[in-house]
1. Can you find, within segment A:34-49, the residue that is nearest to B:Val79 (Cα to Cα) among those that are modelled with pLDDT of 90 or more and in contact with a helix residue (DSSP H, G or I) (Cβ under 8 Å, 6 or more places away or on another chain)?
2. Could you say which residue among A:Ser191, A:Ser146, A:Ser150, A:Ser113 is hydroxyl-bearing (Ser, Thr, Tyr), under 30 Å from A:Val228 (Cβ atoms) and at pLDDT below 90?
3. Quick one: is B:Ala118 away from every other protein chain (no Cβ under 14 Å) and not in a helix (DSSP H, G or I)?
4. In segment A:189-222, which residue that is of a type in the set (S, T, N, Q) and surrounded by 18 or more Cβ atoms within 10 Å (Cβ to Cβ) is farthest from A:Ala73 (Cα to Cα)?
5. So, B:Ala285, is that one buried (at least 22 other Cβ atoms within 10 Å of the Cβ) and closer than 30 Å to B:Ile174 by Cβ or not?
6. Which numbered condition trips up A:Pro41, out of (1) part of a loop (DSSP other than H, G, I, E, B); (2) without any contact (Cβ under 8 Å) to a residue 60 or more places away in the chain; (3) open to solvent by 40 Å² or more (accessible area, probe 1.4 Å); (4) within 14 Å of another protein chain (Cβ to nearest Cβ)?
7. Go through segment B:8-63 residue by residue and tally those that are within 13 Å of B:Phe265 (Cα to Cα) and free of Cβ contacts under 8 Å to residues at least 12 places away in the same chain.
8. Being touching a residue at least 24 places away in the same chain (Cβ under 8 Å) and among the polar types (S, T, N, Q) is the filter here, so list the residues in segment B:278-333 that pass it.
Amino acid sequence: MQHAARLRLALLLSWPTLTLLGLVAIPALLLIRISIAPRDPSGMWSPGFTLHAYRALMEPELLGALLDSVEMAVVVAAISLGLGFPLTYLITRMRRGQQVVWLVFLLTTLSLSDVLIAFSWQVMLSKRIGLSNVFVALGLMDAPASLTPSSGAVIACLVYLVLPFTVLTLFPVLSRLKTDVIEAARTLGASPLRAFTSVVVPLTRGPAMIAFLMAAILTVGAYVPPLVLGRPQHWPMAVLIGSTALAGHDLPRASAMSIFLLGATILLAILTARVARGRRRA
Amino acid sequence: MPFIRSAKGTARSLKISTFGGYFERSFAEHVYPAFTRATGIAVQSIEQPEGAQFLFQLVEANKAGSPPMDLCCTLNIDVLRGRAQGLWRGFDHAKLPNFTQLSGKFQDSQSAFDSVAAMSWYMTFVINPDEMKPAPDSWTALWDTHPNAWGVMSGSVSPILEITAQTYFGGTEILMSQHGIDKVIAKIAELKGNVKLWWQDEGTMQTALVNDEVAGGIYMHDTAMVMVKNGTSVRSIFPKEGAVESTNFWCQPNASAKTDEAQEFLNFSCTPEAQQLVARFVGSAPVIDRAKLNLTDAEFASVSSSIPSIPAATQARFQFTDYMERQFTKMVTS
């Protein structure tokens, strides 16, 4: 009887795990399967096995695109952590009502599609009605200019997209952070900077690294912003995967490229986890 | 026996799909009603997705015996892809007496009679007349000194392949080999300093044109005409080498049971009346010679041109899609 009850409990609790496994494992297996299939010019892929798609991965422009993806992810994650941390800290120090307004505002931006956001940035950075006109009015620029396509435009748009995630990840930790410990450090003679680096940073390193990792993973697969706002020379892997699959009709090659990108992302995650853990031990 | 209806009373119907949005609405409002009036066959208009997934999904649905439509509007390359997978039903010439009304090039005997030209559309030299004076009349202007001026479609689907082949290599036949494709792409590489925007999505190019981000480039004639109507400062030019003409075809997934109704629609689509509706209300180029149509000069010019077109290199693209895509990406990202 007790055994049956325990079994029932186990089954009841295991369904989220099983669902998650099914939703992740089945598409991943399918991806692997297609990556080792021969191409079919009229359809998706044909039965059979070949490593042709993987051999083609060693081309310099694909390695370059992979590096571009990782670099873009790291830069965007670093900027959104740099902006998101102080922003979250400020929000947590506000009155309850103001906090809610800020959090609702940040959540609202998540409801916009990234396509819409990328196009808005394209307009915002254009010569005719874009930001450069504001800079000219402020005397910062001589004449209005188009600010796309450029890496700066891509990064600005991506930071906008991931910043809410960074804030929402940091919010619980920073709101639990006691001001007493900072005050204690200050009373003991620490400068504000010293209090921040020796008290706040160690207490929040783990969550900050999670926020960084999340921003990086969200960015590594970015497709629309680099396509619309970036130069082809810096198109990341996701854009090349898209054109290989959709325009090139080469699903095996696109799958192999996806697995390649997945590998790089996992490596990035492991590395970030190492950094977070390694420093904590020291 | 009042409960048995005669065959005459049975409503005949057909499900037809076209690309979503303006296209689908125009067909539903202006073309299908004329067909229903002529034949008594009711049409249910369906939106079909664009891009690679359309054919992927249709092949699976057809295998399961339930394609979502009886007739679909198919890009020329997807006609070939679908044919290679045994997706389309063959038609009967005897049931389509109007087929001979189509322009000669659309009557050429293909390996199978499984597709009927529906309408054409052009990729033209679109410019901002305020920034490009005098207006160019040849594609060679793309290669003149105009740093960061153009928006050009990127990838294997881009009409720049046909334009370059026709303008510099005497025709699109050169695209029928890898060596030829390399030569054409090397010529396109000379454009890189002039191209500000290598676009994949037409919305990106439209935004760039509206906001003066580019002085011109290659764009769809029909969309450019809509932009002109909306007050954007653009002009669509048919260069002397010709604009690139793509054609959409009506095809029937072979699991559809509505063989007779579908052929009646195809026969209707091949009439001057139907093609005039397509030109006037859908904004696409008719697939019947102008002499048979009662379009005014303005109506004809808004959808087509008397300058011979460059036909889309569909066969080359079907055979070498992956190679074209790889080489193009290599060129544009390096």
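1. Step one: list which residues in segment A:34-49 are modelled with pLDDT of 90 or more, which gives A:34-38, A:49.
Those still in the list that are in contact with a helix residue (DSSP H, G or I) (Cβ under 8 Å, 6 or more places away or on another chain) too: A:34-38.
On the way: A:Ile34: 24, A:Ser35: 26, A:Ile36: 27, A:Ala37: 24, A:Pro38: 22 Å.
So, considering only residues that are modelled with pLDDT of 90 or more and in contact with a helix residue (DSSP H, G or I) (Cβ under 8 Å, 6 or more places away or on another chain), the one nearest to B:Val79 (Cα to Cα) is A:Pro38.
2. Values: A:Ser191 fails: under 30 Å from A:Val228 (Cβ atoms); A:Ser150 fails: at pLDDT below 90; A:Ser113 fails: at pLDDT below 90.
Answer to the check: A:Ser146.
3. yes
4. Across segment A:189-222, the extreme among qualifying residues is A:Thr204.
5. Details: buried (at least 22 other Cβ atoms within 10 Å of the Cβ): yes; closer than 30 Å to B:Ile174 by Cβ: yes.
Yes, satisfied.
6. (2)
7. 3
8. Result: B:Ser284, B:Ser302, B:Ser304, B:Ser305, B:Ser309, B:Thr314, B:Gln315, B:Gln319, B:Thr321, B:Gln327, B:Thr329.
The values are calculated or read from the model by the stated rules, or taken from the named source; none is laboratory data. Fair warning: this is a prediction, and the values are worked out from it, not measured in the lab. A quick note on method: Cβ atoms are made from the backbone with ideal geometry, for glycine too, and the neighbour counts reach across all protein chains shown. Surface areas here come from the heavy atoms of the whole protein model, side chains and all, with no ligands, DNA or RNA. Shrake-Rupley method; radii C 1.70, N 1.55, O 1.52, S 1.80 Å.
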